[in-house]
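> I have a structure I would like to understand better, so I am pasting it below and will then ask my questions one at a time.
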Amino acid sequence: MSRRKWQDYPIQRKLMFVVLFTSVLMLISTVIMYFMINSLIRRLDTVYASNVNMTELRQNLDVVQEDLYQYLEVRDYVALSQFYLEEENFRTLTGKLSNKASDNRVMLLQKNIRSMSEDFLNYADNAITAKRGMNVEGYRQNYEKAMELYGFINTDLAELNELLFQNNARSYQTLQQALNYMEVASAALIIIIMVIGIIVVASTTRGIVAPLAQLSEAAARVGAGNFSQRIPDPDSQDEISIVTRAFNGMLDSLNLYIEKVREGAEKEQMMKEQELLMENHLKEAQLRFLQAQINPHFLFNSLNAGVQLAEMEDDEKTAVFLGKMADFFRYNVKKGTEDARIAEELSVVENYIYILNVRFAGEIMFSKEVDESALNYRIPSMILQPLVENAVNHGIRDMIGEGWIRLTIHNDPDRVVVVVEDNGKGMTREQIDNIMMRVETTHEDDSTGIGLDNVISRLSLYYDDTDVVEIVSPGEDQGTKVILRLPKKEI
Amino acid sequence: MRKLNSGITNPVAIGMVIIVAVTLSAYVAYHSILDRVGVNREENVTTYDQHFALITDDTYASYWNEVYDYAQEEANANGAYVELLTWTPESTYTMCDLMDKSMACGVDGIILVANTEAGLEEKINEATNRGIPVVTLMEDVPQSQRISYIGINPVSLGTEYAKTLIDLVPDDEEEYNIKVLLTDDRVDANQYQIFTQINTDVVNHEKTKKRVSCAANRVATEGFFLADEDIQELFRNQEEVPEYVVCFSTATTEIAYQAIVDYNLVGKVQVVGYALSPMIEEALENDVVATTLVMDTQEMGTESVDALLEYETTGYTNAYYGVDLEFMTKEGVAHE
């Protein structure tokens, strides 16, 4: 209980205690020293007091004797009244002397002096009475007796005074010796008190400063980035303990915050990953969607035309035509979601050109220059045919003069370069930019439904590279060249 | 920190303890210093209910200190204190003055070793009248109102002296002289009675009859150096030098011894001495003192106090207490 109390004291009170304690200690030491030295000095002052008393007694006895003599000789009443006065004093003084027989010479002498003094005063009184009664013989005898006793008393007083003086001289020496000891004792006391004071002040201030040092060390470690430490919670309630607890609380908050931040970062990371995944899915969806955009009307119209032709005329050409058509759409349906070999894509293009030539009576001049070594690389399906279709529809269809389309496939060291070139209307820069930025374009109903923008988008998503496609056109009516630089992907 | 706190459980309490401890230590140190140097040392004082005075003539004998010590011992054991008042020739006061002083001091009893001073009888009577009992020791004042005498019966002592002297005198036909030195030659004094008894016995004894004479010589002791002069005078005339000298005090024995040596009378004169002092022991060794009277000092001291105490208690006491005596020779001293 008491321990808790001290620990709970505010620092101010603890410091006050230290100051008060040392002050009280100093005060007490001063008082003790004052008491010790002063009491000895007082004793020293009173050492010879007994001699003074004896001298006073002796002087008083002399005065009594002189007054007695004066009265008896000349009947001096002034002396008589003085005698009575001094007699009283003398009785008082002798009354203070010991009246016990003792083996101590001083006490024995006192007893003798006291007893003799009473006799002396009795004889003196008797002498005065006799003088008053005109009894000459009586007062003489009494006076003689009184004087005899006066002599005895004086002798004993002298001896007593001498004895007292010897005793007092011894006491004086003793006291002086004691005073010397006291000086040493006082010095020792001061040193002891100083040591105690230093110990108390040091230990108390250490009790105050040590937690502060601990706190500052902890703060330095925190400054260096060590947040995991913790100062043991103090039991006390003083200011430093409050600061220590606050420090611990701050550390807790800091750790909590750091934990939250880490959790947030992890969450964000996860969200990013999810977002990417979603984006992937989206892209996949877009891909599927774009692939699904292929207009089935063309398929059905063409097939209907072929079927009708075959049914009505039983023609071989029609059969070839329908065969090509069938290959074309088979491929289209089959490879809707899969990759294809370049050879397969080339075959589709050839089928398409055949179909168009059947449709448009051989108007389309199609030539190809193919590096056979590049034919087995894998690319997304339905890429080449839309390019050729685009060259037909937007390049050479409505042109004046003979239009041609040329397909070139090169096997470059790191990429397969596919170029679809026509000599049709050409494109403006703006048109090229619009296509490259994949501005939505409308598709005609009889196209295969896969426009250039779709091809570009799919290639970009597939290869995650926008530089796969390049469109070059020198200007209007100067033809268009679509160049694909496809990274090599083995089957 | 915990450790520190446990070290200083409660500095306030510890501080109080330290302050109290320092104060107490200082108090103890202060008093131990005073005790050590003796400032606080109380004299071992004993007080007594009764106060007796022993008044003695220092010239009479050397053993009074012994007697006084025994008297004091006995008195202390019975709640009384004995104060010694000694008269010497150089004293300012007379024996009578010492009696007066003792009375004025209100003593409860006086042990007096009387001398030849006039007026002592009156002082004894005065004291007795004042209710202060007086006992006389060794030297009696028979006519006074003293309550008791402690000593030796002079007649018996005279007989003992005579026996000793008769033994000393050779059994031949020669004549011999015995001188008895009296410090108190009053007719009723002890010494005179002793002398008378010696004379009677020697004169009447078969061995010494008609050839040994016994005479007394007064030796003055009242003034300075008078005794020495008187004794020197005795030996100055070589024709009349006695063969035996009897002394009744230590001082006269020592003076006689010195005179015999000075006058080259060793072997010619023999002394019957009184008491034992270093010088008398030496005289015994040198065969100047043939024998010396030694009394039981313990008995003297104890009985004188007992007489006073008995009187104080019962109102009476024996008028006479005997004291053992012995004549000691050289052999006896050596044996002791």
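The values are calculated or read from the model by the stated rules, or taken from the named source; none is laboratory data. Just so we're clear, the structure is a prediction, and the values are computed from it rather than from any experiment. We place every Cβ from the backbone using ideal geometry, glycine too, and count neighbours over all the protein chains shown. Ligands, DNA and RNA are excluded from the accessible area calculation, which covers all protein heavy atoms including side chains. Shrake-Rupley method; radii C 1.70, N 1.55, O 1.52, S 1.80 Å.
> From the list B:Ala307, B:Ala290, exactly one residue is farther than 24 Å from B:Ala162 by Cα and in contact (Cβ under 8 Å) with a residue 40 or more places away in the chain. Which is it?
B:Ala307
> Now a separate question. Assess whether A:Leu44 counts as being touching a residue at least 40 places away in the same chain (Cβ under 8 Å) and crowded, with 18+ Cβ neighbours inside 10 Å.
No, not satisfied.
> To continue, here is another question. Test A:Glu148 against the stated conditions and say whether it is surrounded by fewer than 18 Cβ atoms within 10 Å (Cβ to Cβ) and over 17 Å from A:Phe83 (Cβ atoms).
no
> Say we look at the stretch B:95-141 and pick out the residues that are in contact with a strand residue (DSSP E or B) (Cβ under 7 Å, 6 or more places away or on another chain) and among the polar types (S, T, N, Q); which of these is farthest from B:Asp57 (Cα to Cα)?
Filtering the stretch B:95-141 for residues that are in contact with a strand residue (DSSP E or B) (Cβ under 7 Å, 6 or more places away or on another chain) and among the polar types (S, T, N, Q), the one farthest from B:Asp57 (Cα to Cα) comes out as B:Thr128.
> Sticking with this structure for a sec: Here is a check on your reading of the model: is B:Thr159 open to solvent by 10 Å² or more (accessible area, probe 1.4 Å), in a loop (DSSP other than H, G, I, E, B) and within 20 Å of B:Thr183 (Cα to Cα)?
no
> Please find, among A:Asn167, A:Asn142, the residue that is under 25 Å from B:Tyr48 (Cβ atoms) and open to solvent by less than 40 Å² (accessible area, probe 1.4 Å).
That would be A:Asn167, the only listed residue that is under 25 Å from B:Tyr48 (Cβ atoms) and open to solvent by less than 40 Å² (accessible area, probe 1.4 Å).
> Quick one: count up the residues across the stretch B:63-118 that are closer than 19 Å to B:Thr250 by Cβ and more than 12 Å from chain A (Cβ to nearest Cβ).
Going through the stretch B:63-118 one residue at a time, the tally reaches 22.
> Turning to a different aspect of this structure: Just to be sure before I move on: is A:Phe21 in a helix (DSSP H, G or I), within 11 Å of chain B (Cβ to nearest Cβ) and surrounded by fewer than 21 Cβ atoms within 10 Å (Cβ to Cβ) in the structure I sent?
no
> So A:Tyr354 clears everything in (1) touching a Gly at 6+ places or on another chain (Cβ under 8 Å); (2) modelled with pLDDT of 80 or more; (3) not small (Gly, Ala, Ser) except one condition, right? Which one?
Of the numbered conditions (1) touching a Gly at 6+ places or on another chain (Cβ under 8 Å); (2) modelled with pLDDT of 80 or more; (3) not small (Gly, Ala, Ser), the odd one out for A:Tyr354 is (1).
> Kindly indicate whether any position in the stretch A:153-160 is more than 24 Å from B:Asn44 (Cβ to Cβ), open to solvent by 70 Å² or more (accessible area, probe 1.4 Å) and not charged (D, E, K, R).
No, the stretch A:153-160 contains no residue that is more than 24 Å from B:Asn44 (Cβ to Cβ), open to solvent by 70 Å² or more (accessible area, probe 1.4 Å) and not charged (D, E, K, R).
> Specify which of the listed residues (A:Met33, A:Met54) is surrounded by 13 or more Cβ atoms within 10 Å (Cβ to Cβ), among the hydrophobic types (A, V, I, L, M, F, W, C), away from chain B (no Cβ under 11 Å) and in contact (Cβ under 8 Å) with a residue 12 or more places away in the chain.
Matching residue, one of A:Met33, A:Met54: A:Met54.
> If A:Val222 passes every condition in (1) open to solvent by 70 Å² or more (accessible area, probe 1.4 Å); (2) more than 9 Å from every other protein chain (Cβ to nearest Cβ) but one, which one does it miss?
(1)
> On to the next question. From the set of residues in the stretch A:225-255 that are more than 12 Å from chain B (Cβ to nearest Cβ) and part of a loop (DSSP other than H, G, I, E, B), which is surrounded by the fewest Cβ atoms within 10 Å (Cβ to Cβ)?
A:Gly225
> Based on this model, can you work out whether B:Leu165 counts as in a helix (DSSP H, G or I), in contact (Cβ under 8 Å) with a residue 24 or more places away in the chain, among the hydrophobic types (A, V, I, L, M, F, W, C) and under 28 Å from B:Asp324 (Cα atoms)?
So B:Leu165 passes the test.
> Kindly check whether there is at least one residue in the stretch B:121-134 that is touching a Ser or Thr at 6+ places or on another chain (Cβ under 9 Å), surrounded by fewer than 20 Cβ atoms within 10 Å (Cβ to Cβ) and part of a loop (DSSP other than H, G, I, E, B).
The answer is no; no qualifying residue exists.
> If we keep just the residues of the stretch A:101-130 that are in contact (Cβ under 8 Å) with a residue 60 or more places away in the chain and over 21 Å from B:Leu98 (Cβ atoms), which is nearest to the other protein chains (Cβ to nearest Cβ)?
Of everything passing the filter in the stretch A:101-130, A:Ala124 is nearest to the other protein chains (Cβ to nearest Cβ).
> Out of A:Ser81, A:Ser39, A:Ser23, which single residue is closer than 27 Å to A:Ser171 by Cα and either touching a strand residue (DSSP E or B) at 6+ places or on another chain (Cβ under 9 Å) or among the small types (Gly, Ala, Ser) (or both)?
A:Ser39
> More than 30 Å from A:Asp45 (Cα to Cα), at the interface with chain B (Cβ under 8 Å from one of its Cβ atoms) and modelled with pLDDT under 95, is that true of A:Glu148?
Considered against the rule, which asks whether it is more than 30 Å from A:Asp45 (Cα to Cα), at the interface with chain B (Cβ under 8 Å from one of its Cβ atoms) and modelled with pLDDT under 95, A:Glu148 comes out as yes.
> A further question follows. Is one or more of the residues making up the stretch A:108-125 in the same structural domain as A:Leu157 (by TED's automatic domain parsing), over 15 Å from A:Lys145 (Cα atoms), hydrophobic (A, V, I, L, M, F, W, C) and surrounded by fewer than 19 Cβ atoms within 10 Å (Cβ to Cβ)?
Scanning the stretch A:108-125, I find no residue that is in the same structural domain as A:Leu157 (by TED's automatic domain parsing), over 15 Å from A:Lys145 (Cα atoms), hydrophobic (A, V, I, L, M, F, W, C) and surrounded by fewer than 19 Cβ atoms within 10 Å (Cβ to Cβ), so the answer is no.
Table: residues versus (1) away from chain B (no Cβ under 12 Å); (2) in a helix (DSSP H, G or I); (3) touching a residue at least 40 places away in the same chain (Cβ under 8 Å); (4) on the phi > 0 side of the Ramachandran plot.
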position: A:Ile153; (1), (2), (3), (4): no, yes, yes, no
position: A:Asn161; (1), (2), (3), (4): yes, yes, yes, no
position: A:Gln166; (1), (2), (3), (4): yes, yes, no, no
position: A:Tyr172; (1), (2), (3), (4): no, yes, yes, no
position: A:Leu179; (1), (2), (3), (4): no, yes, yes, no
position: A:Ser186; (1), (2), (3), (4): no, yes, yes, no
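> How many residues are closer than 30 Å to B:Gln72 by Cβ and open to solvent by less than 60 Å² (accessible area, probe 1.4 Å) when one looks only at the stretch A:86-102?
Selection size over the stretch A:86-102: 6.
> Then there is this: Which of the residues belonging to the stretch B:34-74 are at pLDDT below 85, open to solvent by 20 Å² or more (accessible area, probe 1.4 Å) and in a helix (DSSP H, G or I)?
Once the filter is applied, which keeps residues that are at pLDDT below 85, open to solvent by 20 Å² or more (accessible area, probe 1.4 Å) and in a helix (DSSP H, G or I), the stretch B:34-74 yields B:Asp35, B:Arg36.
> Still on this structure, I have one more. Could you list, in sequence order, all residues of the stretch A:456-486 that are within 23 Å of A:Arg341 (Cβ to Cβ), touching a residue at least 24 places away in the same chain (Cβ under 8 Å) and open to solvent by 70 Å² or more (accessible area, probe 1.4 Å)?
A:Arg485
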